[in-house]
Each structure stands twice: as structure tokens, then as C-alpha cells.
1. Go through (1) touching a residue at least 24 places away in the same chain (Cβ under 8 Å); (2) small (Gly, Ala, Ser); (3) loosely packed, with under 11 Cβ neighbours inside 10 Å one by one and return the number of the condition residue 199 breaks.
2. Residues that are buried (at least 17 other Cβ atoms within 10 Å of the Cβ) and hydrophobic (A, V, I, L, M, F, W, C): find the strands (runs of 3 or more DSSP E) completely inside the range 83-163 holding 1 or more of those.
3. Based on what the data block shows, is residue 168 of a type in the set (Ser, Thr, Tyr), under 23 Å from residue 13 (Cβ atoms), open to solvent by 40 Å² or more (accessible area, probe 1.4 Å) and over 19 Å from the mean Cα position of the chain (by Cα)?
4. Look through the range 175-196, keep the residues that are in contact with a strand residue (DSSP E or B) (Cβ under 8 Å, 6 or more places away or on another chain) and part of a loop (DSSP other than H, G, I, E, B), and return whichever of them is most open to solvent (accessible area, probe 1.4 Å).
5. Within the range 36-76, track down each residue that is within 11 Å of residue 9 (Cα to Cα) and open to solvent by 80 Å² or more (accessible area, probe 1.4 Å).
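The values are calculated or read from the model by the stated rules, or taken from the named source; none is laboratory data. Just so we're clear, the structure is a prediction, and the values are computed from it rather than from any experiment. Note that we place each Cβ from the backbone using ideal geometry, even for glycine, and neighbour counts take in every protein chain shown. Ligands, DNA and RNA are excluded from the accessible area calculation, which covers all protein heavy atoms including side chains. Shrake-Rupley method; radii C 1.70, N 1.55, O 1.52, S 1.80 Å.
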Amino acid sequence: MVQSYKIFINEIPIYLHGGKDIVSPNTADDKNPEYTFAQKKEIEKALHIIQNSNVIKSLTIFGDDAREMRDAIFADYKIIKAAGGLVFNNKDEILMIFRRNMWDLPKGKLEIGEKKKMGALREVREETGVQKLSIVKKLMKTYHTYVLENKTKVLKITHWYLMMCNDTTPLVPQAEEDIEIAVWVDSNKVKDKLDKAYATIEQVVTNGIHTMHHG
């Protein structure tokens, strides 16, 4: 089975493609280089550029096993697992939050021993105040990295669930999580918000709208 990952470093996508049928990589495109996993030095150089500038727009790596590549490339990263929800109501509106000058979706770190579904529901309720939630289906996983103040590098894996909400009570943004706004946004107008959202959030919203409208 061909397995692949899309992992964001500094909002730049790193594509890891696993499988025996490796296409010949295109190493000539400086802004969107492609390598095989054997090209260790080239990959290290590209990752260094990505972590320190925006010259490279994407990096694609081909190899036998995508998970092995992920584990090797991010071996010195601390993995944090989180869960969140893309929530629709019966007016075809999406629940969004505004935090730290970016539009976002409700999500957060899983507590010790907490099931992913339960964590996703808890985070949506805590961050927006809605209560009447149900999970429609598991949507996807997103991967992105960041660096903590103590220089620890983190790979955050977020498990996303498509949810429905029948709650009509006023939304309550969770101030202690720096959430300024919680609002329902018409799914046809959500693109306006995505201009000021992280790449992973755009990925989840686009995927979720397609899933909700087309199954």
C-alpha cells in the first residue's frame, strides 16, 4: 500500500511518499525540489533552508516506507498528539475561532490516557461553549512543527473529526486560551477567513466541506 504524509514546517509542505514504484525525482526545481530518501545530504540542506527561510516552497521525498522516513527525519522532535473538530450546524455553517490574529478551528492537546474522539469533543466544548455535539466521522490527520521557547522542536499530530452541532445557545470563546471570537461562518464564505489561517486549517476545512457536501 502506498503511504504518504504531508507535514508542514514553517507553513511549507514536506511530502513523504512511500512505495516501491518511485518516480524519478525532479531535483532541478530549486523552489520545489524532489529527492529520494537516499539523498541524505541534499535533504538535510533543504530542511535547513526551510527552517530558516522561505526560499523553498515545497519538498518532496520518495522512499520505500513513508512512516520510516517520517520517524527518521523527525527523530529529534518531541511528538505531541492533539484532537479537534470541524463542526457544522444545520444551516451549513462552520464553527471557527479567532486566536492570536489567526482564524482557527477548536482543537487541543489530548490529556493522558484520553481517547482521541473524547478529546476532540472536549476541546470543541471548552473552546466555544457548544454542548450538543455529535461525531459524524473521522476526517483526517494533520502534521506541523514548531519550536518551543526552550528550543525543543515539536511535531504536532492532530486528529480531526467531522462533527454536527444542534446547539443554538450563544457561543462563548475561551478567553484563557486567547480565543477572542467564536463564530458560525457560512461554508460558502469560509474562504475569506482561510486567507488568515494556517495551512493545516485550510487543509481540514477544504477536506471537511468536500466530505460534507459530496460524502
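1. (3)
2. 93-99, 102-104, 133-147
3. Criteria not met by residue 168.
4. Residue satisfying both the conditions and the ranking: 196.
5. Selection gives 48, 52, 54, 57.
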